[in-house]
Amino acid sequence: MIKAIIIDDEPGSLQALKLSLGKFCPQVEVMGCYEIPEEGLAAIRSKRPDLLFLDVQMPSMTGFDLLEELEEIDFEIIFVTAYDHYAIKAIKFSALDYLMKPVDVDELTAAISKVENRQDQKMQVHQYRSVIANLKSYANGLGKIAIPSMDGIIFLEIKDIVYAQAEGNYTNLFLQNREKLVVTKSLKDFESILDQQGFFRVHHSYLINLKHILKYVRGEGGYVELTGDNKVDISRRKKEEFLKALELI
């Protein structure tokens with residue numbers, strides 16, 4: 001049995017989720033429902049759930065503020081939100097689960113199945129911490145990206161990333177100091193988290209930092225010369241959109 005707690009400041013959403021769990025997910029026991037984040041925080045500490053359904057946007061304390069109050073996170077979290085914005089990108093970037101309001105039953109049961117499959121290997125706490133770090137960086141304009149790794153979190157200055165190259169389910173990050181970093185994230189993941197940070201997908205295999213362009217060489221698609229003697233091709237179908245992006249630098 002999966003012991004769960006729900007924290008959501010919207011009574012209707014909270015009750016709807018509780019009812020859906022009772023009807024479609026009998027393997028989940030709801031230990032408590034809390035509209036006030038502070039009460040939910042106390043319940044987490046006392047009841048020690050296996051799973052937390054956590055609303056992202058709450059007036060007195062966001063879901064991420066709540067997580068920062070915890071000394072440890074030794075349970076699974078499924079984020080619940082009505083907003084499809086940067087928070088969702090950060091959650092997805094850290095390979096965590098979320099549900100959009102109103103919660104779809106099929107998505108709910110799929111999320112619970114994933115939790116069951118992970119019971120013996122709970123999500124790394126670093127993944128939750130990386131979500132918080134990326135959101136704080138974005139909100140405060142700190143210009144850093146937090147990348148969850150197997151043993152912790154890698155913090156990089158966004159301005160130091162020259163370009164990213166796809167390599168299957170991995171991504172090679174080429175940095176200004178000529179260092180190459182291999183990350184277990186897809187290029188699409190990086191595109192989603194960096195699309196508002198001055199990066200542009202010029203090719204199915206390349207995402208470049210527009211601030212590191214030294215020269216654009218025309219051609220069928222052309223190519224760019226980047227900091228550190230790097231050259232990256234521009235695909236034909238991206239050329240027009242890329243040239244427009246250059247005008248905004």
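The values are calculated or read from the model by the stated rules, or taken from the named source; none is laboratory data. All of these numbers come straight from a predicted model, not from anything done at the bench. Positions of Cβ are generated from backbone atoms using ideal geometry, with glycine treated the same way; all protein chains shown enter the neighbour counts.
Here are the numbers for this structure:
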| read-out | value |
| --- | --- |
| Unique match (being at pLDDT 95 or above and exposed (fewer than 15 other Cβ atoms within 10 Å of the Cβ)) among K211, K159, K244 | K159 |
| Exclusive hit being charged (D, E, K, R) and in contact with a Gly (Cβ under 7 Å, 6 or more places away or on another chain), set K188, K211, K215, K180 | K211 |
| Of residues in segment 162-185 being in contact (Cβ under 8 Å) with a residue 24 or more places away in the chain and basic (K, R), the one surrounded by the most Cβ atoms within 10 Å (Cβ to Cβ) | K185 |
| Every residue from segment 80-106 that is surrounded by fewer than 14 Cβ atoms within 10 Å (Cβ to Cβ) and of a type outside the set (F, W, Y) | A82, D84, H85, P102, D104, V105, D106 |
